[in-house]
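Following: one structure in structure tokens, then a few remarks.
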Amino acid sequence: MAQPLVKKDDDRDDEAEYSPFLGIEKGAVLQEARVFNDPQLDPRRCSQVITKLLYLLNQGESFTKVEATEVFFAVTKLFQSRDIGLRRMVYLMIKELSPSADEVIIVTSSLMKDMNSKTDMYRANAIRVLCRITDGTLLTQIERYLKQAIVDKNPVVASAALVSGIHLLQTNPEIVKRWSNEVQEAVQSRAALVQFHALALLHQIRQNDRLAVSKLVTSLTRGTVRSPLAQCLLIRYTSQVIRESGSTQTGDRPFYDFLEGCLRHKAEMVIFEAARAITELNGVTSRELTPAITVLQLFLSSSKPVLRFAAVRTLNKVAMTHPMAVTNCNIDMESLISDQNRSIATLAITTLLKTGNESSVDRLMKQITNFMSDIADEFKIVVVEAIRSLCLKFPLKYRSLMNFLSNILREEGGFEYKKAIVDSIVILIRDIPDAKESGLLHLCEFIEDCEFTYLSTQILHFLGIEGPKTSDPSKYIRYIYNRVHLENATVRASAVSTLAKFGALVDSLKPRIFVLLRRCLFDSDDEVRDRATLYINTLGGDGSVVETDKDVKDFLFGSLDLPLVNLETSLKTYEPSEEPFDINSVPKEIKSQPLAEKKAPGKKPTGLGAPPAAPLSTVDAYEKLLSSIPEFANFGKLFKSSAPVELTEAETEYSVNAVKHIFDSNVVFQYNCTNTIPDQLLENVTVIVDSSEAEEFAEVLSKPMRSLPYDTPGQTFVAFEKPEGVPAVGKFSNMLKFIVKEVDPTTGETEDDGVEDEYQLEDLEVVAADYMLKVGVSNFRNAWESMGDDFERVDEYGLGPRESLAEAVNAVINLLGMQPCEGTEAVPNNSRSHTCLLSGVYIGNVRVLARISFGVDGPKDVAMKLAVRSEDEARAACCNNILLKCKVFRKFLQNNLRSLDPLYYWCYFHNRISYNHSRTN
Amino acid sequence: MLLALLISNSVGNILVERYHGVPTEERLHWRSFLVKLGADNLKGAKNEELFVASHKSVYIVYTVLGDVSVYVVGKDEYDELALAEVIFVITSTIKDVCAKPPTERLFLDKYGKICLCLDEIIWTGILENTDKDRIKRLIRLKPPAEF
């Protein structure tokens, strides 16, 4: 068969494969650079060598100090050439080499000469190079030229000087600030780019002078801005001025008209900048938002991916604060789910998940299912997190959302992604009781084929806690026991522990569990065998190891009663010796907790990421801490612990916050103290509490802290007695009292003698909301109806003029201290009415549900109709008893209302409460 | 700030790499991240079709032009829209210098000129020139035509 003809083009293709830099070597190029020293310079050849040097530098090759110096000196010789192309290369090369301060002097004179050259372009380039390599001393010498250059007629020269100014402002701010008159003049330039650079520099020079920035913005918003880039800068500075002016009045917001006008600009960049600025205005109203959302909506269907991305990214942000404003764009966003650009698709989905309502969840999930298969893990994690929040918002939809999570759990994915799904399922199981059984089964199925040891062990641990509490614990055993056969030693050991937990907690399963545990005695791994032996001997023991069933459970599954951090520290400092490690020597005080809380505000619980053995939940940690103090032992069960209340300002010598622990007939204040002075040691630290403004409280004991070294937080406690079950309130003033001792910072030695000192702290208040636990319900309507209206109480209140409906709703939620359900804490913009569903448990374990309807009457007057239902634990309790509890709750409400001024004002002085005792009378 | 400009060939070898305000130890991470981003998404892309992504608080706009891929990374005022402007200037200038969307060979043949153009477009993290005709004159040390 004849060979195909070789065309000429094929030769050229071969040539195209061949790189001009093939086999380039630094050593050889440095040799070639010697041509720069030739007396007869060949500009073409020199340019080629410079290109090779640039190629090397751009490939990440670095020159040694000697090499760089050698090349730099050689390059400076090229100033002798008059070839323009070569000169341009030389400028670039010097910038790339960034010579050191002692070498710069070699080129300074050449550059200064160029800077005064008649050829404009020499001037511009010399300015750029000089400013790149210069230091402060040289800068003062050339300052005069630079100031002239800023107002040069040639826009390239002016821009070179202005951009140099932007860079030099970082290193020599004092000098650059002196140029502000020239820069001000350049802002008025007719050259678009000069104006852009001048505006950026002028703003940087004056950024700390609010008035000057405001004047700048005022004059430019009235004048002409020539380039879209400069217009974008102006919009940014304008929003800064609006933000700093602090005006939140609607209707006459300064510069709003300017921003709104920019929405009609011809450059897309400007339109976006203005839309973004409007959406980010403080307290933006929906009237202000509408035009911005409209233009963003148009861009959602743009053919340019950058515009679609920018639009959906902005709308995604808006959806976080104003979900209702974005709902109009939902249809456009749904079409973006199939966008080729996965970033756009993910943003669209997460926005839809935020703005969707209960009825659209199923449809949305269908679309997401198709989408999930072709995106990367990092995007999938974002979607999973959004679905988790959606499920918590609409608990009734848990079935379809849980199914979705379990389906994606079965598909391929990396560790982080799988962990995000498992964490979500765990959180849903914890927060939505109805979802527990199906969720646990999904997790069981997952561990049947899970490649991640960490996740398997965590799920097994979680199963051990939740599984025995389900209606049919036996159905989980198969999944757990399978692990003993099929997995690695770590997972096998976890499975043995989980089996033992089922045995210990479910009596009916005990004999069968024993059979399984005995089989584990023949495992090849020591740890697995050891655990099995321990569990068999203790759970089925003859009393020789531990005495009672309770002891067994405490010993095996009870917590260590000490913070793991302390245990870890003690174990690290323990040196192996004859003497065994004594667990009683581990301190029980939780040292780092208050600090950790401060460092990670608003950190959400992370499902399995925080297994119970590791950091305990805050409430558990408090419970453990308090139960470890014998003086508090007879206070009974802890009802509630408040969030820490700061009693000192930030950055004071001693930082103190307080946590209020509520018991049935006692209240304990836990003062978390930190000493921030390195050369001080505080001893015998107590808080002196004056409770004269809290009549129902009587101090029973104060537990001082022995010592408080620098930067190691510690706690001191004060306990009070109060009438049993009564939500007593009051104000307490606090004084920190201690003995202060000097510490030598070099040796760490403390002086023997100390001085007594006091430090005034802020007041602490016990309010009625402290007696209410935030406990949500998964389905409010069901809970409400199942509680029945037999024990319902309906009251109406006039709340008087409020800033907005949302603000009134928030205030009432906060003062009731109850858990908002089904996302009803969010009030849509411009609503005239809103219903908020709240749930909680009141002291004495009384379940309380509240349905509060708010309405705006007149311009700003808010009226509230509060319907409360409460249940008796036994249900059969007599009506009087319930009424009594309602009365207690009522008192609680009144106490609270008093604490909110306008409410109090209206409720009590104007006597505008109208009680509609619907059924209770 | 324009944090990075990266130009690679079709298989991800680096042709030009410039960073501004990116610590040296992070550069390698950025290089591999960008090249992977291109490998995942640029296959079969049309010339100058823009792709966009965000990573933490920075934005990335990238595209393909002939045999080379161009990536620009920015933060703050250099968001996706400003970067689209920057990448447009870069691609139109490269096309201008090479007279067409370049093969790798053509790009390397014009390497010196392209470096000069990039120097005119981005100067230590700030966009300086946006007009390809002006840039063409500036690299030959000729004043802008309108002046």
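Note: relative contact order over the range A:649-748, using C-alpha pairs below 8 Å and six or more positions apart, is 34 percent.
Taking the Cβ of residue A:351 as the centre, find all other residues whose Cβ is under 13 Å away and add up their charges (Lys, Arg: +1; Asp, Glu: -1).
Details: positive: A:308, A:313, A:317, A:354; negative: A:332, A:334, A:339.
Net of charged neighbours comes to +1.
Shown is the FRET efficiency for residue A:174 and residue A:117, computed with R0 = 35 Å from the Cβ-Cβ distance and rounded to the nearest 0.05: 0.75.
Tell me, what % of the accessible area of chain A is carbon and sulfur with a 1.4 angstrom probe? Don't jump to the answer; show the numbers that get you there.
Working: 22130 of 44630 Å².
Carbon plus sulfur share of accessible area: 50 percent.
You can think of it this way: the chain between residue A:765 and residue A:66 has 244.6 nm of extra reach, that is 0.36 nm per residue less the Cα-Cα gap. Dividing the alpha-carbon radius of gyration of the range B:22-147 by the rule-of-thumb value 2.2 N^0.38 Å gives 1.07.
Please say if the range B:78-147 is rounded, prolate or oblate, where rounded means a/c under 1.5 for a ≥ b ≥ c the square roots of the C-alpha gyration tensor eigenvalues, and otherwise the choice is prolate for a/b larger than b/c and oblate otherwise? Could the numbers behind the result be given before it?
Values: a/c = 1.73, a/b = 1.12, b/c = 1.55.
Here the range B:78-147 falls in the oblate category.
Based on alpha carbons, the Rg and Dmax found for chain A are 36.3, 113 Å. For the range B:104-131, a decrease in accessible area of 50 Å² or greater in the assembled protein chains relative to the isolated chain, with a 1.4 Å probe, applies to B:105, B:108, B:111, B:116, B:119, B:123, B:124, B:126, B:128. Find the Rg to Rh ratio for the range A:175-273, where Rh is the Kirkwood radius over alpha-carbon pairs and Rg uses the same atoms. Taking Rg over the Kirkwood Rh, I get 0.97. The mean sequence distance of close C-alpha pairs (under 8 Å, at least 6 residues apart), as a share of the length of chain A, puts its relative contact order at 5 percent. Put a dot 7 Å past the Cα of residue A:584, heading toward its Cβ, do the same for residue A:651, and the two dots end up 4.7 nm apart. Remark: spin-label model distance residue A:533-residue A:320 equals 5.5 nm, labels positioned 7 Å along the Cα→Cβ axis. From the Cα gyration tensor of the range A:262-336, with a ≥ b ≥ c the square roots of its eigenvalues, which class applies: rounded if a/c is under 1.5, or else prolate if a/b is larger than b/c, or else oblate? Note, shape of the range A:262-336 comes out oblate.
How long is the gain from residue A:441 to residue A:410 if the chain were fully straight, where each residue apart is worth 0.36 nm and the alpha carbon distance is subtracted?
Numbers: separation 31, 0.36 × 31 = 11.16 nm, distance 1.29 nm.
Length difference between fully extended and current span is 9.9 nm.
For the pair residue A:362 and residue A:690, label points projected 7 Å from Cα toward Cβ lie 6.5 nm apart. Computed with a 1.4 angstrom probe on protein heavy atoms, the A-B interface buries about 4400 square angstrom of accessible area in total. Taking the empirical scaling 2.2 N^0.38 Å for compact globular proteins as reference, the range A:266-389 has a Cα radius of gyration ratio of 1.02.
Mean partner shielding of peptide A:47-55, defined as the number of other chain Cβ atoms within 10 Å of each residue Cβ, is 3.
Legend: residues in the range A:287-321 shielded by at least 50 square angstrom of accessible surface upon adding the remaining protein chains to the isolated chain (1.4 Å probe, heavy atoms) are A:306, A:309, A:313. Extension gain for residue A:84-residue A:845 works out to 265.1 nm (0.36 nm per residue, less the C-alpha to C-alpha distance).
By the scheme Lys and Arg +1, Asp and Glu -1, what is the net charge of all other residues having a beta-carbon under 10 Å from that of residue B:67? All intermediate terms of the calculation are to be shown ahead of the outcome.
On the way: positive: B:105; negative: B:104.
So the surrounding residues net to 0.
Annotation for the range A:78-146 versus the range A:327-363: alpha-carbon center distance of 54 Å. Take each residue in A:57-70, count the other chain C-beta atoms within 10 Å of its C-beta, and the mean is 2.
With a Förster radius of 25 Å applied to the C-beta separation of residue A:286 and residue A:835, the computed FRET efficiency comes to 0.80.
Looking only at other chains, what is the average number of their beta-carbon atoms within 10 angstrom of each beta-carbon in B:11-18?
Other-chain Cβ atoms within 10 Å of each residue's Cβ, averaged: 3.
Give the calculated FRET efficiency between residue A:267 and residue A:328 to the nearest 0.05, with a Förster radius of 25 Å applied to their Cβ-Cβ distance. Display every interim value, and only then the final one.
On the way: r = 25 Å, r/R0 = 0.99.
For residue A:267 and residue A:328, the calculated efficiency is 0.50.
Sorted on the mean count of surrounding Cβ atoms within 10 Å across their residues, most packed first, peptides B:67-75, B:92-100 read B:67-75, B:92-100. Contact residues in the range A:106-144 (at least 50 Å² less accessible area with all protein chains than alone, 1.4 Å probe): A:121, A:128.
Protein heavy-atom accessible surface, 1.4 Å probe, per residue over the protein assembly as shown: 47 Å². Relative contact order of the range A:131-190, taken over Cα pairs closer than 8 Å and 6 or more residues apart, is 34 percent. For the protein assembly as shown, the 222 nm mean residue ellipticity estimated from helices alone, with every DSSP H stretch of n ≥ 4 adding -39500 (n - 2.57) and the total spread over all residues, rounds to -15500 deg cm²/dmol. Loop-resident GluC sites (Glu not before Pro) (DSSP state other than H, G, I, E or B) in the range B:70-147 with no more than 11 further Cβ atoms inside 10 Å of their Cβ: B:146.
Inter-part distance, the range A:39-74 to the range A:151-169, computed on C-alpha centroids, equals 28 Å. For the range A:254-289, backbone nitrogen atoms closer than 12 Å to the point 7 Å from residue A:243 Cα along Cα-to-C-beta are found at A:277-278, A:280-282.
For the cross-link pairs A:436/B:56; A:380/A:640; A:501/A:637; A:774/B:75; A:637/A:703; A:397/A:510, the ones whose C-alpha atoms lie over 30 Å apart are A:436/B:56; A:380/A:640; A:774/B:75; A:397/A:510.
The values are calculated or read from the model by the stated rules, or taken from the named source; none is laboratory data. This structure is a prediction, so every number in the text was calculated from the model and none was measured. In this analysis, Cβ positions are derived from the backbone assuming ideal geometry, glycine residues included, and neighbour counts consider all displayed protein chains. Remember, those area values only see protein heavy atoms, side chains included, never the ligands or the DNA or RNA. Shrake-Rupley method; radii C 1.70, N 1.55, O 1.52, S 1.80 Å.
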